[in-house]
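Asks: Before anything else, here's the structure in question.
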Amino acid sequence: MQEKVLIATEKPFAESARKSMVKMFEEAGLKPVVLEKYKDPKDLLSAFSDVAAAVVRSDNVTKEVLEAGKGLKLVVRAGAGYDNIDCASAKARKVIVENTPGQNSNAVAELAFGLMIMIARGKYSGKSGTELRGKSLGVHALGNIGKIVASLGKAFGMDVCAFDPFVDQCVFDDCCATRVKTIEDLYSTSDYISLHIPKTPQTVKSINYDLLSRMKKGGTLVNTARAEVIHEEDLLRIMGERSDVKYASDIAPANAAAFLEKFADRVYFTPKKMGAQTAEANTNAGIAAARQIIAFLKEGKVLNQVNP
Ligand code: 3PG
């Protein structure tokens, strides 16, 4: 009997990406099932019930979803961050979780500049704005996305520095970013700070009052990582205390209304997480996910596992 593979995306892939994945699964002798734009999490539960593997994006793969997947062996997060998957429960059930690192990085990095320009140009209101050239850019974490952001910052004529205690000096050298020793230095010297830390128990709410209060005069914080890494109450407080601080984020904070009501001209939020929402990123991440699933189901190969 053909094994079933689920493509479950509340926020669908570009059609061309989805079609390529479906074709790959069919050619590999697997049976693809597509669940898109679902509204009720229960639909995800029932879709997982009879599949051997699943591709998801930011879809919440909870303990309940995993339990519903009686024959589930593998979940591939088509993307980088896997904070939406209960990796511990998956491990307990011997379900492998993988991601597709780097596949959508360029799209996210480009959006970081889209957000910077949005703020620099007064949200395209017609008011006179400023340019990025000659400004300082602080990249908070030099992973796949941060490295591209640093390189693009150079191309914009920005003065690029970065903070990342987990990577070697050669990574800073490769993307021509000056290494700053402390996170406080990054925040106090940068006109633009671009956040690229993952959401983990350690990073949630880690961008707090102490750090935010060090932001350079007129500084803009750009968040294409996760809303939850920001301590939102502290950010609200700082923006109330300092009329020079600006914030742009790919997906609104929980209390977006308060930000928009008080600081409308200094904040911008995308309506949905848009960083990886390009045809190219969808194709790269979707095809990588499909390849990983086929490699596992047909050859037993495990690639990019994140819950060893
Ligand atoms: C990621 O972690 O890869 C990005 O946040 C993309 O998320 P998305 O697939 O939901 O757009």
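Asks: Could you please state, rounded to a whole Å, how far the C-alpha centre of the range 21-69 is from the C-alpha centre of the range 249-299?
Replies: When both Cα centres are located, 19 Å separates them.
Asks: Just tell me which aspartates and glutamates come within less than 16 Å, Cα to Cα, of residue 262; anything on the same chain fewer than 8 places away is out.
Replies: Counting by Cα, and skipping residues close in sequence, residue 262 has these aspartates and glutamates nearby: 232, 233, 234, 241, 244.
Asks: Would you list which lysines come within 18 Å of residue 19, measuring only between C-alpha atoms, while excluding same-chain residues fewer than 8 positions from it?
Replies: Residue 19 reaches 4, 11, 31, 37.
Asks: Also: Once the piece of chain linking residue 43 and residue 181 is laid out straight, how much longer is it, given 0.36 nm per residue of separation minus the C-alpha distance between them? Let's see the in-between values first.
Replies: On the way: separation 138, 0.36 × 138 = 49.68 nm, distance 4.77 nm.
Extra length available between residue 43 and residue 181 comes to 44.9 nm.
Asks: OK, next. About the Cα centre, and with charges only on the beta carbon of Lys, Arg (+1) and Asp, Glu (-1), how big is the dipole of the chain? Nearest 20 debye, please. Mind dumping the intermediate values first?
Replies: On the way: 42 positive and 37 negative charges, 63 e Å.
That gives the chain a dipole magnitude of about 300 debye.
Asks: Another question about this same structure. Can you give me the Rg/Rh ratio for the chain, using Cα atoms for both radii and the Kirkwood formula for Rh?
Replies: When Rh is taken as the Kirkwood radius, the ratio is 1.00.
Asks: Projecting each Cα onto the charge dipole of the chain (Lys/Arg +1, Asp/Glu -1 at the beta carbon, about the Cα centre), which of 51, 96, 245 comes out farthest on the positive side?
Replies: Final value for the positive-end residue is 51.
Asks: Which order do 268, 209 fall in if you start with the one that has the fewest other Cβ atoms within 10 Å?
Replies: Taking fewest neighbouring Cβ atoms as first place, the list is 209, 268.
Asks: Assuming R0 = 51 Å, can you tell me the calculated FRET efficiency for the pair residue 125 and residue 94, based on Cβ-Cβ distance, to the nearest 0.05?
Replies: Working from the Cβ atoms, E equals 0.40.
Asks: What is the local net charge at residue 306, summed over the other residues whose Cβ is closer than 9 Å to its Cβ (Lys, Arg +1; Asp, Glu -1)?
Replies: Charge balance in the 9 Å sphere: 0.
Asks: Hey, another quick one. Could you tell me which of 289, 166, 117 has its Cα farthest along the dipole of the chain towards the positive end, charges placed at Cβ (Lys, Arg +1; Asp, Glu -1), taken about the Cα centre?
Replies: 289
Asks: Also, I was wondering about something else. Within the set 42/272; 63/91; 23/272; 123/272; 217/246, which residue pairs have Cα atoms separated by over 19 Å?
Replies: Values: 42/272 21 Å; 63/91 11 Å; 23/272 28 Å; 123/272 17 Å; 217/246 10 Å.
Pairs exceeding the cut-off: 42/272; 23/272.
Asks: Can you bin the range 103-236 into rounded, prolate or oblate? Criterion: square roots of the alpha carbon gyration tensor eigenvalues sorted a ≥ b ≥ c, rounded for a/c under 1.5, prolate for a/b above b/c, oblate for the rest.
Replies: rounded
Asks: Please order 98, 3 by the number of other Cβ within 10 Å, starting at the fewest. Please report the intermediate quantities before stating the final value.
Replies: Details: 98 26, 3 18.
Lowest to highest Cβ neighbour count: 3, 98.
Asks: Let me know the charge dipole size of the range 1-64 about its Cα centre in debye, to the nearest 20, where only the beta-carbon of Lys, Arg (+1) and Asp, Glu (-1) is charged.
Replies: 140 debye
Asks: Mind sorting 183, 7 by how few other Cβ atoms lie within 10 Å of their own Cβ, fewest first?
Replies: 183, 7
Asks: Report the calculated FRET efficiency for residue 70 and residue 254 (r = Cβ-Cβ distance, R0 = 35 Å), to the nearest 0.05.
Replies: After rounding, the FRET efficiency stands at 0.55.
Asks: What is the chain's relative contact order, in percent, from Cα pairs under 8 angstrom and six or more apart in sequence?
Replies: Working: 627 pairs, mean separation 59.4, N = 308.
This gives 19 percent for the chain.
Asks: Hey, in the GNM for the chain with a 10 angstrom Cα cutoff, which one of 272, 19, 127 fluctuates hardest?
Replies: Checking each option, the largest mean-square fluctuation is seen for 127.
Asks: Which stretch or stretches of the range 276-308 have amide N atoms under 14 Å from the point lying 7 Å from residue 27's Cα along the Cα→Cβ direction?
Replies: Only 287-288, 290-292, 294-295 fall inside the zone, counting backbone N under 14 Å.
Any read-out appearing in this document is the output of simple, stated calculations on the displayed coordinates, not a laboratory observation. Keep in mind that what you see is a predicted model, and the values were worked out from it rather than measured. In this analysis, Cβ positions are derived from the backbone assuming ideal geometry, glycine residues included, and neighbour counts consider all displayed protein chains.
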